[in-house]
Amino acid sequence: MTTTPAVLPGSAVPPTLAAQAAPVAPAAPVAAEATGATPAVHLRGLRRVFGTRAVLDGVDLSIPRGEFVALLGASGTGKTTLLRILGALDRADGGTVLVPPVRTVVFQEPRLVPSKRVLANVTVGLPRGGATRETGLRALAEVGLDRHADAWPATLSGGEAQRAALARALVRAPELLLLDEPFAALDALTRLRMQELVGDLVRRHRPAVLLVTHDVDEAVRLADRVAVLRDGKLVRDERVAVERPRDPADPAFAELRRRLLADLGVH
């Protein structure tokens, strides 16, 4: 675990201080700690203030390795700010943040380098050589893009470009995978296929995952736990008890959706 800066290869972002501030009082255990698993993410009393507004005001959250957490919240509630702090893209103004040293981000836009072919985009920042090439090709095969290794980004569809971005993140074997609304710009059918792909890859690679999304059904379908951020605090952190594969017609799915929408102010 670390609170020191870390480079996020392939995400085209500079390293900054992840978070560190004065110690805070111990908080009550959250759902992640009930499993007894070693947390990959440990937040206590996290604060981030913009002007006079505390966007994050005492957030407590733990994510064990191998667990998938979806974070819901209305626009402007601080979801992406929290993700950026975990990814060393923003700082905290208070509290404690512990994160693993190897973490990667998949953004809403693929952010591929137009002048590099797909394989070079996936392995950008990694040592050159045959071993890296083979690792990159395996990552592309996992996301169904092995035949596109030598293609240019401009020739890819939106879904293919996002799969390339996912391969770029996973090729680094992250201990923490951060997903910032990665399906929001995709059409409905491609979004469902990408959700299935991400769920499969996460179960195979077992990083800790934080998905920021506005889509309640997406959160319930993919996550082991769902948290809701409102007024700077987590108002819900609940384990998803719906059996997999998850069907929106399942009464348990519908009931959890109803509670989450109520938390979001939708009745």
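No value in this document is a laboratory result; all are computed from the given coordinates. Just so it is clear, the structure is predicted and the values come from calculations on it, not from any experiment. Quick reminder, even Gly has a Cβ in these numbers, built from the backbone with ideal geometry, and neighbours come from all protein chains shown.
Details
- The C-beta contact set for the stretch 182-197 (first residue part of a helix (DSSP H, G or I), second residue among the acidic types (D, E) and buried (at least 16 other Cβ atoms within 10 Å of the Cβ), distance under 7 angstrom, 6+ apart or interchain) comprises Q195/E218.
- Selected residue [touching a strand residue (DSSP E or B) at 6+ places or on another chain (Cβ under 6 Å), under 21 Å from H42 (Cα atoms) and assigned to a helix (DSSP H, G or I)] from V226, V202: V202
- In the set T52, T38, only one residue is polar (S, T, N, Q) and in contact (Cβ under 8 Å) with a residue 12 or more places away in the chain; that residue is T38.
- Among residues of the stretch 121-146 that are touching a residue at least 60 places away in the same chain (Cβ under 8 Å) and at positive phi, those with a beta-carbon under 8 Å from a residue that is surrounded by 15 or more Cβ atoms within 10 Å (Cβ to Cβ) and part of a loop (DSSP other than H, G, I, E, B) at least six positions away or on a different chain give the pairs G125/P9; G125/G10.
- For the stretch 154-209, a residue qualifies if it is touching a Phe, Trp or Tyr at 6+ places or on another chain (Cβ under 6 Å), under 26 Å from P101 (Cβ atoms) and aliphatic (A, V, I, L, M), and the qualifying residues are V202, V209.
- Residues located in the stretch 70-117, provided they are within 14 Å of the chain's Cα centre (by Cα) and of a type in the set (S, T, N, Q): T80, T81, T104, Q108
- Of all residues in the stretch 66-95, those satisfying the criterion of being more than 30 Å from L261 (Cβ to Cβ) and not acidic (D, E) are A88, R91, G94.
- For L98, the test of being closer than 30 Å to R258 by Cβ and of a type in the set (A, V, I, L, M, F, W, C) is failed.
- The residue of the stretch 248-266 that is farthest from D200 (Cα to Cα), among those that are touching a Lys or Arg at 6+ places or on another chain (Cβ under 9 Å) and assigned to a loop (DSSP other than H, G, I, E, B), is G265.
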